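Enquirer: Provided herewith is a single structure, encoded as structure tokens, for subsequent inquiry.
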Amino acid sequence: MSESMTREAALRIALAARELPGIDARALVQGLAQKLELPLTETKLAAVTVEDLCEVLAGDHAEESCVVGYDNERLKAAVRTLWGIGVTGSDLPLVEAYAEGDLPGSIRVAVCSNSGENLDGHFGSCERFLVYQVSPTVLRLIDQRPTLAADKAEDRNVARSALINDCDIVYVQSIGGPAAAKVVRAGAHPVKIPKAGPAREILARLQQSLISPPPWLAKVMGVPAASLAQYVAAAEAEDA
């Protein structure tokens, strides 16, 4: 069963079971798997309601509206834990609010991650993509996208690429040629950073490049490359 849920999901479920005396964590996993379907991810747990949890605890008697034996406050506490609120030991960073158009001139960047807010994952095996909106002056984590469900697909690289098809760049520790081709086809530009490190430190260097982008980055951004400006000026002068 552990192979069918992320580490974060397993942590949340174990802690939620502690909020419900008499409930075994394994039984809660099985009930949630039946309700939500495998794989269990933090994204699915974040959508669980008190009513959903009641159905899980009632099991085969859910349709009979039986009493599950816990007051509403205890059930709410368990649900908040499943959502990840106040979870001690969670290594997931907090997502920041973002609406399209908030950061003019920004690009969207995915980071392969296995722990915390770090770039420390290979494209084909990382547990999640951290997604940032990056402008020259602002760096904002706007989403976290678990990859476990994508790995159940017939072509896992295509499924993983689809998770970041709204991103301009994806930072990876490593990526194979066939996978890179699928990422490019999905609209993202893969960038290898072999040495693991804090994502924000790596993206801070990208922010500096946004001010005067090299040709490859200018192409990603859809703007003229600053390093080619002299040639553009010369060509315009010649045309004149």
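What follows is calculated from the coordinates using simple rules that are stated; it is not laboratory data. Values in this document were obtained by computation on a predicted structure and should not be read as measured data. As a convention, Cβ positions derive from the backbone with ideal geometry for all residues, glycine included, and neighbour counts pool all protein chains shown.
Enquirer: Place a +1 charge on the Cβ of each Lys and Arg in region 107-229 and a -1 charge on the Cβ of each Asp and Glu, then give the dipole magnitude about the Cα centre in debye, rounded to the nearest 20. Each step should come with its number before you reach the end.
Expert: Details: 14 positive and 10 negative charges, 34 e Å.
Dipole about the Cα centre, nearest 20: 160 debye.
Enquirer: Which far-off residues, 5 or more places away or on another chain, put their amide H under 5 Å from the one on residue 171, with H placed in the peptide plane?
Expert: Amide H to amide H, under 5 Å and 5 or more residues apart or across chains, residue 171 pairs with 110, 111, 112, 191.
Enquirer: Quick check on region 133-216: what are the equivalent-ellipsoid semi-axes from the Cα gyration tensor, as sqrt(5λ), descending, whole Å? Let's see the in-between values first.
Expert: Working: eigenvalues 115, 41, 31 Å².
Its equivalent ellipsoid spans semi-axes of 24, 14, 12 Å.
Enquirer: Right, next: Quick one: 195, 35, fewest Cβ neighbours within 10 Å first, how do they rank? Write out the running numbers ahead of the final one.
Expert: Numbers: 195 8, 35 15.
With the sparsest Cβ surroundings first, the list reads 195, 35.
Enquirer: Can I ask one more? Neighbouring Cβ atoms within 10 Å as the yardstick, rank 126, 112, 54 fewest first.
Expert: Numbers: 126 22, 112 30, 54 18.
Fewest-to-most ranking of 126, 112, 54: 54, 126, 112.
Enquirer: Bin width 5 Å, origin at 0, all Cα-Cα pairs of region 39-157: what percent of pairs per bin?
Expert: 2, 10, 15, 16, 15, 14, 11, 8, 5, 2, 1, 0
Enquirer: Residue-wise, which Karplus ³J(HN,Hα) couplings in Hz belong to region 111-128, taking 6.51 cos²θ - 1.76 cosθ + 1.60, θ = phi - 60°, and x for glycine or proline?
Expert: 10, 6, 9, 10, 8, x, 9, 10, 8, 8, x, 7, 4, x, 9, 5, 7, 7
Enquirer: What's the FRET efficiency of residue 201 with residue 97 using the Cβ-Cβ distance as r and R₀ = 22 Å, to the nearest 0.05? Don't skip to the answer; put the middle values down first.
Expert: Details: r = 23 Å, r/R0 = 1.04.
After rounding, the FRET efficiency stands at 0.45.
Enquirer: Using a cut-off of 15 Å between beta-carbons, work out the net charge of the residues near residue 70 (Lys and Arg +1, Asp and Glu -1, residue 70 not included).
Expert: Details: positive: 18, 74, 76, 80; negative: 19, 24, 51, 52, 55, 71, 73.
Overall, the nearby charge balance is -3.
Enquirer: Which translational diffusion coefficient, to the nearest whole µm²/s, is obtained for region 129-182 from the Stokes-Einstein equation, given a Kirkwood hydrodynamic radius over C-alpha pairs, 10 °C and 1.306 mPa s? Provide the component values of the computation, followed by the final result.
Expert: Working: Rh = 12.3 Å.
Translational D for this selection: 129 µm²/s.
Enquirer: State to the nearest 20 debye the size of the charge dipole of region 2-83 about its Cα centre, where the only charges are +1 on K and R beta carbons and -1 on D and E beta carbons. Kindly include the intermediate steps, with their values, before the conclusion.
Expert: Values: 9 positive and 14 negative charges, 81 e Å.
The calculation lands at about 380 debye.
Enquirer: Give the residue from 22, 172, 69 lying farthest towards the positive end of the charge dipole for the chain; charges sit on Cβ (+1 for Lys and Arg, -1 for Asp and Glu) and the dipole is referred to the Cα centre.
Expert: After comparing all options, I get 172.
Enquirer: Right, another one. What percent of all Cα-Cα pairs in region 2-83 falls in each 5 Å bin, counting up from 0?
Expert: The distribution over region 2-83 is 3, 17, 31, 28, 15, 5, 1, given as percents.
Enquirer: Moving on. Sort 122, 189 so the one with the fewest other Cβ atoms within 10 Å of its own Cβ comes first. If you can, show how the numbers build up before the last one.
Expert: Values: 122 14, 189 18.
Result, fewest neighbours first: 122, 189.
Enquirer: Starting from 0.36 nm per residue, how many nanometres of slack lie between residue 137 and residue 184 once their C-alpha separation is accounted for?
Expert: Numbers: separation 47, 0.36 × 47 = 16.92 nm, distance 2.66 nm.
So the chain would gain 14.3 nm between residue 137 and residue 184.
Enquirer: Quick one: how many lysine pairs in the chain have C-alpha atoms under 21 angstrom apart, if they're 8 or more apart or on different chains?
Expert: Final tally of qualifying lysine pairs is 9.
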